[in-house]
Amino acid sequence: NAGVTQTPKFRVLKTGQSMTLLCAQDMNHEYMYWYRQDPGMGLRLIHYSVGEGTTAKGEVPDGYNVSRLKKQNFLLGLESAAPSQTSVYFCASGGQGNNEQFFGPGTRLTVL
Amino acid sequence: SQQGEEDPQALSIQEGENATMNCSYKTSINNLQWYRQNSGRGLVHLILIRSNEREKHSGRLRVTLDTSKKSSSLLITASRAADTASYFCATEDKQGAQKLVFGQGTRLTINP
């Protein structure tokens, strides 16, 4: 099993550009999450999903959109990137009733 | 805002010594989890302690939870160079979806 995978691993954007980060999990987990991690800080929840076709806002949702059209995939979109969105983005998944979260390797995004 | 605060922010010890990290949080929780992050990588789940538990062991890890003080500690015994990493506590609140709120982390360095 690959677990949780994220693409791309690295990306550089110019201010105002858009992009989509893809997260995929092969563990049949109901729950999926997108976090961002900034230097010297823990992870902050951007958006999450409790099942296919559902999404909800986390702690820092502004400037991001998400979609969960298939159970195994969770997409994070930036419509108009800003330098404040420079960060490392982590996707995670979790099984209902199993509280542990499984994390992907991260995407390092730089917005110039 | 971050749920928890961890201290120390950084800890450097000699191989073979024990390492203790502390975490404080603010609201009622279902459980508290500890994760490890090696430099530039995703987080890996270490141990979970439920709100009705006071102590839990897993190999060289010992976690305590004091819900009256809203605090937890992680003890790593007989440290090894491979334990060098950042350690994060994360609390799952009672609002559902198994969402986690992370502390800022403790950077642990084991010197050979």
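Among residues of region B:41-55 that are more than 7 Å from chain A (Cβ to nearest Cβ), those with a beta-carbon under 6 Å from a residue that is among the small types (Gly, Ala, Ser) at least six positions away or on a different chain give the pairs B:47/B:58. Checked against (1) touching a residue at least 40 places away in the same chain (Cβ under 8 Å); (2) within 14 Å of another protein chain (Cβ to nearest Cβ), residue B:18 meets all criteria but (2). If the condition is being of a type outside the set (A, V, I, L, M) and either within 14 Å of residue B:87 (Cβ to Cβ) or touching a residue at least 60 places away in the same chain (Cβ under 8 Å) (or both), then region B:59-76 contributes B:60, B:62, B:72, B:73. Each residue in region B:99-112 was checked for being in contact (Cβ under 8 Å) with a residue 60 or more places away in the chain and within 8 Å of chain A (Cβ to nearest Cβ), and 6 pass. Scanning region A:87-106 for residues that are at the interface with chain B (Cβ under 7 Å from one of its Cβ atoms) and either open to solvent by less than 10 Å² (accessible area, probe 1.4 Å) or of a type outside the set (D, E, K, R) (or both) turns up A:90, A:94, A:99, A:101, A:103, A:104, A:105, A:106.
Within region A:27-46, being more than 11 Å from chain B (Cβ to nearest Cβ) and either touching a Gly at 6+ places or on another chain (Cβ under 7 Å) or over 23 Å from residue A:10 (Cβ atoms) (or both) holds for A:27, A:28, A:46.
How many of the residues in region A:36-62 are farther than 30 Å from residue B:9 by Cα, open to solvent by less than 60 Å² (accessible area, probe 1.4 Å) and free of Cβ contacts under 8 Å to residues at least 24 places away in the same chain? First the steps, then the outcome.
Restricting attention to region A:36-62, the residues satisfying the condition of being farther than 30 Å from residue B:9 by Cα are A:49-56.
From what is left, the residues that are open to solvent by less than 60 Å² (accessible area, probe 1.4 Å) are A:49, A:51, A:54, A:56.
Okay, now just the ones that are also free of Cβ contacts under 8 Å to residues at least 24 places away in the same chain, so A:51, A:54, A:56.
Count: 3.
Please determine whether any residue of region A:72-81 is within 14 Å of chain B (Cβ to nearest Cβ), assigned to a loop (DSSP other than H, G, I, E, B) and more than 11 Å from the chain's Cα centre (by Cα). Spell out the reasoning first.
In the first step, residues of region A:72-81 are kept if they are within 14 Å of chain B (Cβ to nearest Cβ); the result is A:74.
So of that shortlist, the ones also assigned to a loop (DSSP other than H, G, I, E, B) come out as none.
Looking through region A:72-81, none of the residues is within 14 Å of chain B (Cβ to nearest Cβ), assigned to a loop (DSSP other than H, G, I, E, B) and more than 11 Å from the chain's Cα centre (by Cα).
Being within 11 Å of chain B (Cβ to nearest Cβ) and polar (S, T, N, Q) is a description that does not apply to residue A:84. For region A:33-40, the condition of being within 20 Å of residue A:1 (Cβ to Cβ) and either at pLDDT 95 or above or in a helix (DSSP H, G or I) (or both) holds for at least one residue.
Scan region B:70-112 for residues that are within 27 Å of residue A:58 (Cβ to Cβ) and basic (Lys, Arg) and jot them down. B:70, B:94, B:99, B:107, listed by residue number.
The values are calculated or read from the model by the stated rules, or taken from the named source; none is laboratory data. Since this is a predicted model, take the numbers as computed values, not measurements. A quick note on method: Cβ atoms are made from the backbone with ideal geometry, for glycine too, and the neighbour counts reach across all protein chains shown. Surface accessibility is based on the protein's heavy atoms, side chains included, excluding ligands, DNA and RNA. Shrake-Rupley method; radii C 1.70, N 1.55, O 1.52, S 1.80 Å.
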